[in-house]
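> So that we are looking at the same thing, I have put the structure below in structure tokens.
FYI, it's all coordinate maths here, none of it is from the lab. No experiment lies behind these values; they were computed from the predicted model shown. Heads up, the Cβs are rebuilt from the backbone with ideal geometry, glycines too, and the neighbour counts pull from every protein chain shown.
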Amino acid sequence: MNIEPEKPYPIYTLYEIAELLGAVLKVSNESDNDIRIVGLASLTSASDNRVSFLANSKYRSQLASTAAAAVILSDDDALFSPVACLIHEDPYLAYAKLSHYFNPRPKAVIGIHPSAVIASNVKIGDNVSIGPGVVILDHVFIGDNVVISSNSVVESAVTIGDDVTLMPNVTLNFGVKIGNEVIIQSGSVIGADGFGYAPLASLSEPHAWQKIAHCGSVVIGDRVEIGANTTIDRGVLDDTLIASDVIIDNQVHIAHNVSIGSGTAIAGCTGIAGSTTIGEDCRIAGGVGITGHISIADGVSILSMTRVTRSIKQAGTFASGTSMQTVTKWRKSAARLNQLDELHKRVKALESQK
Amino acid sequence: MNIEPEKPYPIYTLYEIAELLGAVLKVSNESDNDIRIVGLASLTSASDNRVSFLANSKYRSQLASTAAAAVILSDDDALFSPVACLIHEDPYLAYAKLSHYFNPRPKAVIGIHPSAVIASNVKIGDNVSIGPGVVILDHVFIGDNVVISSNSVVESAVTIGDDVTLMPNVTLNFGVKIGNEVIIQSGSVIGADGFGYAPLASLSEPHAWQKIAHCGSVVIGDRVEIGANTTIDRGVLDDTLIASDVIIDNQVHIAHNVSIGSGTAIAGCTGIAGSTTIGEDCRIAGGVGITGHISIADGVSILSMTRVTRSIKQAGTFASGTSMQTVTKWRKSAARLNQLDELHKRVKALESQK
Amino acid sequence: MNIEPEKPYPIYTLYEIAELLGAVLKVSNESDNDIRIVGLASLTSASDNRVSFLANSKYRSQLASTAAAAVILSDDDALFSPVACLIHEDPYLAYAKLSHYFNPRPKAVIGIHPSAVIASNVKIGDNVSIGPGVVILDHVFIGDNVVISSNSVVESAVTIGDDVTLMPNVTLNFGVKIGNEVIIQSGSVIGADGFGYAPLASLSEPHAWQKIAHCGSVVIGDRVEIGANTTIDRGVLDDTLIASDVIIDNQVHIAHNVSIGSGTAIAGCTGIAGSTTIGEDCRIAGGVGITGHISIADGVSILSMTRVTRSIKQAGTFASGTSMQTVTKWRKSAARLNQLDELHKRVKALESQK
């Protein structure tokens, strides 16, 4: 996964790109091998110093008019390309890999910025970049090739593996464990206390709630990416667990003692309540709400904004909610829905009259 | 828009306020021109050193008992006011403008706080305020009259126009472009990588996902306001676009390559998935979820918590979901909904028996 | 509520724990009084140096096989315990209290870190901890035993009571008032401007919106806990109010001029629009959306992801939405729902044919 641009202003020839991708380069003229490429673009917007890609044959018609220098595509689609071809078994994957070579974002400066505040007992690996304003408290362990960006906070006893990147303004609370090759976007908070309280009303004490200390932590595997302003709470007794190869979008809320299986993808604005277990290779769309203390099997897909209130025992696709309508129709449907029980009774009455 | 209080402890006479607003002042006694006003208040809570407003004639009855020194209102409503009148064509707009004169928030101190970390090649305009703990990386361009508040981070190659305010703990990631007169509330993240990956399973590599580098940026127009803890992700190839005069509330999630047309308002907790285009002057309520790769026409209104899963081709108001009920009734409706297909068949059977 | 561990590496004997909790200790062997306990665990995962708890008699069967050193439980359940008993009237509450003695999180270091930036006119109480990178602006008042963690920002004129903890990267905007014993998790923003604008289109000015200055503040009572990345906006004219003993989870959005009554609990991802009043002792589940300018009575429970669009006048439980189904069944139900008005008419036609 550690694909990094090697040049400050990236330029690669088509020949070099074919080598990088393990793609077969098909050109109409041998000199095209040396065409200099400065970036990627879609088929419709590409100019003649860009590479494009065709990931799905159903868009094959866009090939005819592309101005790209070359297109990453499958063997079958190559027959229809008017421009140079970079033939690859999985064009979308090849495009994804190539994108990193043209990422304009500069690499982080290796070293510790003098404004960073780092406790004396922190262990720091090789080739680490610690940005301005970063705070790292006691007994933190940081692996090799780690980037901790500006104004992020790493509280005490945190462990960070190799090749991890924290973007600016990330918070890792006490004792959180982060694996290797993890990326955490800005504003995310890993390891806040969860929402756990014992009600006090029954004893008529002068408070409503007794907070429960969250003595567990958060453990995150390898190659996990966490989007911006996402929160993953620490466990109460045991740890909250995010397995390897999980990808999580922005503004996702993962409550205490949730466990997410490897390979699962969770889109933006989804919330998962406490102690729920999500299997491996699930696809959870945006805005989904999953209740606490349930289990979702491996390979489950959940459509956007679904309310999941019970365990799902085997793979499949699930949904709830109603279709969007104009407000006039929607008002009528919503009203009729509330009369549905009565309508059933009327149909039953009609049936009994036969 | 740059309406700023001119006095540290704002006091204005009614006469001065009429001048500021271009309102017609109607008093019962000429000495009332000199009544000293210290702030605004609603009709029901105002005391005699406050100005109130009546934006909607249907609340006209509240005029009778107000203790305000004066009321901003329309010509028609003025006939019913027992107190001094500030007559204006658009009372709500006049109130909105006046509110800035009584804002107690102190103006930011011009200058660069010594604790800020600013790269040597940053270009900074006139009358700029850079607060404590701010980090500004290489090759950033900052216009005139910009306020960057405490502990905000501006990554390299960002461009910020004139009269922009970043509240504390904002993050602008690499290369983001911000227009003039933009306000970004605390905790928001502009320019995080979007949620873009190629699946790896098909090639049986030992990872689930190949991250796609986000080589695009975020471009924000003029007079845009962004609420607290909102996230706007950078584009993959092209940029994510927020046109001028867009207003965005708290905790909104705008994914990569979304485009929002000018004048559109987006309320809290709404999420917009990747590559969707929203037209001009739309009104999107709170908690709405909009799927990716669709288009919403100009002038569309979407009610709260609607799931938008298809393009909307012309102006109108749209909704989905069901009405709130007591849990007993709701359980019955929800169960009946799942029997709806069967009910249709029963009705059809009855009909065929005729 | 100020229950704090008294030892750096907490170890307590069963006897000491019984004393701390006011529990009756029942052992089979007097030497068991001296068993040394290092932490808490669930009945099924506990080892012999841990205390567990049984909060609900319906899980009584788990007692038989527990390896815990002792279990906190009720008098009735004690009869079934094979291990030492800590008998308490409210086992869950006793467990919640005990959890704080075993919290591994180190206590904050008293004192002001030299990297913190604190205005000269800030008033600071006794036993206060101000972490690295913290910014505190003019005329802030801070009570005793307050912890302000790394890189948090407290803007000018904020008031903070006694025994308050701000976790890292919290923002308190201008003038916010925080009571005693309040905890705010990382990334939360208290006091951002709300989403208030007057439309300009009617006057054909060259902008779409006139921002309304938010001259109110946020006032938070005692013993309030606010989760991570939650936002509570300041009021326009009056203040946004969070009463004492309110608990708020992560990623909750509370708009301007909302008022929340004491003892109310609000779970993650819920949004409450402007000027709405929520009563005391309400239970609002996750992902709920509550519209603006309505009132919710005391003691109301709202199920997850409910859309609340009208006032609720008396206690009860409320819900909206549909049940989750497989996508095949759901498509059918959703389609049928849109034909519901027509179905009603068909049933009516059948009835009239009688």
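> If you count, for every residue in A:275-287, the Cβ atoms of partner chains within 10 Å of its Cβ, what is the mean?
3
> Here's something else I'd like to know. Note down the nm distance, to one decimal, between modelled labels 7 Å out along Cα→Cβ at B:ILE110 and at C:ASN49.
Using points 7 Å along Cα→Cβ, the separation is 6.5 nm.
> Once phi is turned into ³J(HN,Hα) by the Karplus curve 6.51 cos²θ - 1.76 cosθ + 1.60 with θ = phi - 60°, what whole-Hz value does each residue of the range B:29-41 show in order, with x for glycine and proline?
For the range B:29-41, the Karplus curve yields 9, 4, 5, 5, 3, 9, 4, 8, 10, 10, x, 10, 7 Hz.
> Restricting attention to the alpha-carbon atoms of chain A, what are Rg (one decimal) and Dmax (integer), both in Å?
Every Cα atom of chain A included, Rg and Dmax give 26.2, 88 Å.
> Can I ask one more? Can you find, among A:SER42, B:ALA243, B:SER295, the residue sitting farthest towards the positive end of the charge dipole of the protein assembly as shown, where Lys and Arg contribute +1 and Asp and Glu -1 at Cβ?
Going by the Cα projections, it comes out as B:SER295.
> If you place +1 on the Cβ of every Lys and Arg, -1 on the Cβ of every Asp and Glu, and leave all else neutral, what size is the dipole of the range B:1-113 about its Cα centre, to the nearest 20 Debye?
460 debye
> Ok, one more. Please list the non-local residues whose amide H lies under 5 Å from the amide H of B:ARG105, H modeled 1.01 Å from N, same-chain partners needing a gap of 5 or more.
The list, which skips near neighbours in sequence, is empty: none.
> Once you charge only the Cβ atoms, +1 for Lys and Arg and -1 for Asp and Glu, what is the size of the charge dipole of the protein assembly as shown about its Cα centre, to the nearest 20 debye?
In total the dipole reaches around 4700 debye.
> Check which residues have an amide H placed less than 5 Å from B:GLN210's amide H, if you skip close sequence neighbours.
Correct list: B:ALA198, B:LEU200.
> Once the Cα gyration tensor of the range B:12-102 is diagonalised, what are the square roots of 5 times its eigenvalues, in whole Å and ordered largest first, as equivalent ellipsoid semi-axes?
Semi-axes from the Cα gyration tensor: 16, 14, 13 Å.
> Specify the inter-centroid distance of the range C:327-354 and the range A:283-346, based on alpha-carbon positions, in whole Å.
Measuring centre to centre over Cα atoms gives 19 Å.
> Across peptide B:240-246, what mean number of C-beta atoms from other chains lies inside 10 Å of a residue's C-beta?
That works out to 2 on average.
> Right, here's the next one. Mind ordering A:184-196, A:302-314, A:111-123, C:331-343 by average Cβ neighbours within 10 Å, highest first?
Order by mean packing, descending: A:184-196, A:302-314, C:331-343, A:111-123.
> Right, here's the next one. Hey, for A:SER61 with labels 7 Å out along Cα-Cβ, what do the inter-copy distances come to in nm, ordered shortest first?
For A:SER61, the inter-copy label distances come out at 6.2, 6.2 nm.
> Oh, and also: As a check on your grasp of the helix formula, calculate [θ] at 222 nm for the protein assembly as shown: sum -39500 (n - 2.57) over DSSP H runs of n ≥ 4, divide by the residue count, round to the nearest 500.
About -3500 deg cm²/dmol.
> Taking the Cα-to-Cβ direction at C:LYS313 and at A:LYS329 and moving 7 Å from each Cα, how far apart do the two end points lie in nm?
The answer from the label model is 3.4 nm.
> Considering only DSSP beta bridges where both residues belong to chain A, give the percentage that are antiparallel (nearest 5).
Percent antiparallel among DSSP bridges in chain A is about 10.
> Per residue of the range C:84-101, what does 6.51 cos²θ - 1.76 cosθ + 1.60 with θ = phi - 60° give for ³J(HN,Hα)? Whole Hz please, x for Gly and Pro, Karplus curve as stated.
Per-residue couplings from phi come out as 4, 10, 10, 7, 9, 4, 10, x, 5, 5, 4, 4, 4, 5, 5, 4, 5, 6 Hz.
> Related question: When only C-alpha pairs under 8 Å and at least 6 residues apart count, what is the relative contact order of the range C:111-318, in percent?
This gives 10 percent for the range C:111-318.
> Summing +1 for each Lys or Arg and -1 for each Asp or Glu, what net charge is found among the other residues whose Cβ lies under 11 Å from the Cβ of B:GLY227?
-4
> Ok, one more. Please report, in debye to the nearest 20, how large the charge dipole of chain B is about its Cα centre when each Lys and Arg carries +1 at its beta carbon and each Asp and Glu carries -1 there.
I would put it at about 2100 debye.
> Let me ask you something else. Can you give me the long-range amide H partners of C:SER259? Hydrogens built in the peptide plane at 1.01 Å from N, cutoff under 5 Å, separation of 5 or more residues or another chain.
When sequence neighbours closer than 5 places are left aside, the close amide H contacts are C:LEU241, C:THR276, C:THR277, C:ILE278.
> List the distances, in nm to one decimal, from the label point of A:GLY111 to the label points of the same position in every other copy, shortest first, placing each label point 7 Å from Cα along the Cα-to-Cβ direction.
2.9, 2.9
> Looking only at the protein assembly as shown, where both bridge partners belong to it, what percent of the DSSP beta bridges are antiparallel (to the nearest 5)?
Taking every DSSP beta bridge with both residues in the protein assembly as shown, the antiparallel ones total about 15 percent.
> Other chains' Cβ within 10 Å of B:35-48 residues: what's the mean?
1
> Let me ask you something else. Apply the Karplus curve 6.51 cos²θ - 1.76 cosθ + 1.60, θ = phi - 60°, to the phi angles in the range A:240-253 and return the couplings in whole Hz, x for Gly and Pro.
With coefficients 6.51, -1.76 and 1.60, one gets 6, 10, 10, 6, 5, 6, 8, 10, 10, 7, 6, 6, 8, 10 Hz.
> With unit charges on the beta carbons (Lys and Arg positive, Asp and Glu negative) and the dipole taken about the Cα centre of the range C:17-88, which residue among C:LEU25, C:ILE72, C:SER61 sits farthest to the positive side?
Value computed over the given set: C:SER61.
> Can you compute the FRET efficiency between A:ASN33 and B:ARG283 using 1/(1 + (r/R0)^6), with r the Cβ-Cβ distance and R0 = 56 Å? Round to the nearest 0.05.
0.55
> On to the next question. Distance cut-off 21 Å, Cα to Cα: go down the list A:LYS211/C:LYS58; A:LYS329/C:LYS345; B:LYS107/B:LYS177; A:LYS329/C:LYS313; B:LYS26/C:LYS211; B:LYS329/C:LYS345 and report the pairs above it.
A:LYS211/C:LYS58; B:LYS107/B:LYS177; A:LYS329/C:LYS313; B:LYS26/C:LYS211; B:LYS329/C:LYS345
> At A:PRO10, label 7 Å along Cα→Cβ: distances to the other copies, nm, ascending?
Taking the point 7 Å beyond Cα along Cα→Cβ, the inter-copy spacings are 4.9, 4.9 nm.
> Here's another thing I want to ask about it. Please list, short to long, the whole-number percent of alpha-carbon pairs of the protein assembly as shown in consecutive 10 angstrom bins beginning at zero.
2, 10, 18, 23, 21, 14, 8, 3, 1, 0
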